[in-house]
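The values are calculated or read from the model by the stated rules, or taken from the named source; none is laboratory data. Remember, predicted model here, so these are calculated numbers, not experimental data. Cβ placement follows ideal geometry from the backbone for every residue including glycine, while neighbour counts extend to all protein chains displayed. Accessible surface areas use protein heavy atoms only, side chains included; no ligands, DNA or RNA. Shrake-Rupley method; radii C 1.70, N 1.55, O 1.52, S 1.80 Å.
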Amino acid sequence: MRRSLLLSLVLLLCPVLPAAAQQVLRQEGRAYAPADGRLLYRETHWLQGPPTARSRLVLYRCADGRAFARKWMTPQGSPQTPDFAFEDARNGYQEGLQASATGRTVYVREDARADRVSRAIAIPPDAVVDAGFDAAVLGHWDALQAGRPVAFQFLLPSRQRLVPLKLQRNASVTWQGQPAEQLQMRLDAWFGFAVPAVTLVYARNRPRLLQFSGTGNVRDAQGRYPQVRVEFPAEPVTASAAELAAARQQPLVATCAG
């Protein structure tokens with residue numbers, strides 16, 4: 001459950017695009033253990049298309065760079081409600097949201113031995129799905145800066161339901177020498193389980209995510225979802241279509257050990 005609040009920032013694949021090639025951007029992130037600063041894993045994001053219809057591929061990598069999980073995000077509905085698919089090759093966990101001719105379906109598979117469990121679900125255009133939280137932040141930036149909280153319905157794939165979420169500005173901060181804004185994202189109701197708030201830091205002048213702090217969406221070796229601090233210090237850089245194609249086919253390893 002906590003896994004789904006995170007977001008981690010972030011997602012999967014670019015579909016096969018028609019003739020006119022669109023610019024591909026790549027961004028690197030690193031996830032640290034908040035307690036001791038140990039590097040837990042890396043994230044490499046490839047983005048393609050305009051903000052209103054952006055596809056994203058994310059490879060989650062071991063500390064040594066080998067990829068162990070992949071997340072796909074493709075435009076569907078509003079930028080806040082993309083289709084996505086996540087797969088972790090270490091244990092076979094899968095979750096996602098997919099569209100069909102008859103509607104949208106949320107699914108989850110606990111591990112490689114389990115069956116996939118799916119159900120049809122109605123996703124309002126103002127809901128938030130996975131890393132669609134980034135579009136929600138940017139789309140409501142002025143309201144947040146004015147101190148007004150923003151309420152959403154957030155998809156929890158593990159519960160296969162939407163839950164109320166509140167996003168609000170906390171304070172102006174300086175992050176690694178640059179002016180930034182700290183935001184907080186938390187459940188707006190009690191559901192019988194405690195979920196720590198997620199703290200987000202965005203660059204102030206040209207808003208983009210700099211840091212995510214909260215419960216991660218990637219399990220550790222014991223099958224738990226640890227607290228993480230994911231940092232994105234550098235702006236995205238231009239990447240090639242060939243690099244993106246290679247990332248889409250990158251084999252995933254079953255363990256990060258050794």
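Residue pairs whose Cβ atoms lie under 8 Å apart, sitting 6 or more positions apart in sequence or on different chains, and linking a residue in the stretch 124-142 that is more than 12 Å from Met73 (Cβ to Cβ) to a partner that is open to solvent by less than 10 Å² (accessible area, probe 1.4 Å) and not hydrophobic (A, V, I, L, M, F, W, C), are Pro124/Thr81; Pro125/Thr81; Ala127/Thr81; Val128/Thr81; Val137/Tyr202. Here Gln211 passes the criteria (1) open to solvent by less than 60 Å² (accessible area, probe 1.4 Å); (2) part of a loop (DSSP other than H, G, I, E, B); (3) of a type outside the set (Gly, Ala, Ser) except the one numbered (2).
Among residues that are touching a residue at least 24 places away in the same chain (Cβ under 8 Å) and closer than 28 Å to Gly177 by Cα, Pro251 is not included.
Out of the residues in the stretch 155-185 meeting the condition of being touching a residue at least 24 places away in the same chain (Cβ under 8 Å) and among the hydroxyl-bearing types (Ser, Thr, Tyr), tell me which one is nearest to Ile123 (Cα to Cα). Per the stated criteria, the residue is Ser158. Among the conditions (1) surrounded by fewer than 17 Cβ atoms within 10 Å (Cβ to Cβ); (2) in contact with a Ser or Thr (Cβ under 7 Å, 6 or more places away or on another chain); (3) more than 29 Å from Gln23 (Cβ to Cβ), Asp111 misses just one, which is (2).
Checking Thr199, Thr174 one by one, the residue that is open to solvent by 60 Å² or more (accessible area, probe 1.4 Å), at pLDDT 95 or above, assigned to a strand (DSSP E or B) and out of contact with any Lys or Arg (no Cβ under 7 Å at 6 or more places or on another chain) is Thr174 and no other. Of Arg169, Arg186, all but one fail to be open to solvent by 30 Å² or more (accessible area, probe 1.4 Å), assigned to a strand (DSSP E or B) and either in contact with a Gly (Cβ under 8 Å, 6 or more places away or on another chain) or farther than 22 Å from Val230 by Cα (or both); the exception is Arg169.
Report yes if Val117 is aliphatic (A, V, I, L, M), open to solvent by less than 20 Å² (accessible area, probe 1.4 Å) and either within 21 Å of the chain's Cα centre (by Cα) or modelled with pLDDT of 95 or more (or both), otherwise no. So Val117 does not fit the description; no.
For the stretch 70-126: of the residues being of a type in the set (S, T, N, Q) and part of a strand (DSSP E or B), which is farthest from Leu165 (Cα to Cα)? Applying the filter and picking the extreme gives Ser100. Filter the stretch 214-240 down to residues that are in contact (Cβ under 8 Å) with a residue 60 or more places away in the chain and of a type in the set (Lys, Arg) and give me whichever is most open to solvent (accessible area, probe 1.4 Å). Checked the stretch 214-240; the qualifying residue most open to solvent (accessible area, probe 1.4 Å) is Arg229. Which one is least open to solvent (accessible area, probe 1.4 Å) among residues in the stretch 127-164 that are in contact with a helix residue (DSSP H, G or I) (Cβ under 8 Å, 6 or more places away or on another chain) and assigned to a loop (DSSP other than H, G, I, E, B)? Ranking the qualifying residues of the stretch 127-164, first place goes to Pro157.
Do we find a residue being without any contact (Cβ under 8 Å) to a residue 60 or more places away in the chain, surrounded by fewer than 21 Cβ atoms within 10 Å (Cβ to Cβ) and touching an Asp or Glu at 6+ places or on another chain (Cβ under 6 Å) anywhere in the stretch 70-88? Looking through the stretch 70-88, at least one residue is without any contact (Cβ under 8 Å) to a residue 60 or more places away in the chain, surrounded by fewer than 21 Cβ atoms within 10 Å (Cβ to Cβ) and touching an Asp or Glu at 6+ places or on another chain (Cβ under 6 Å).
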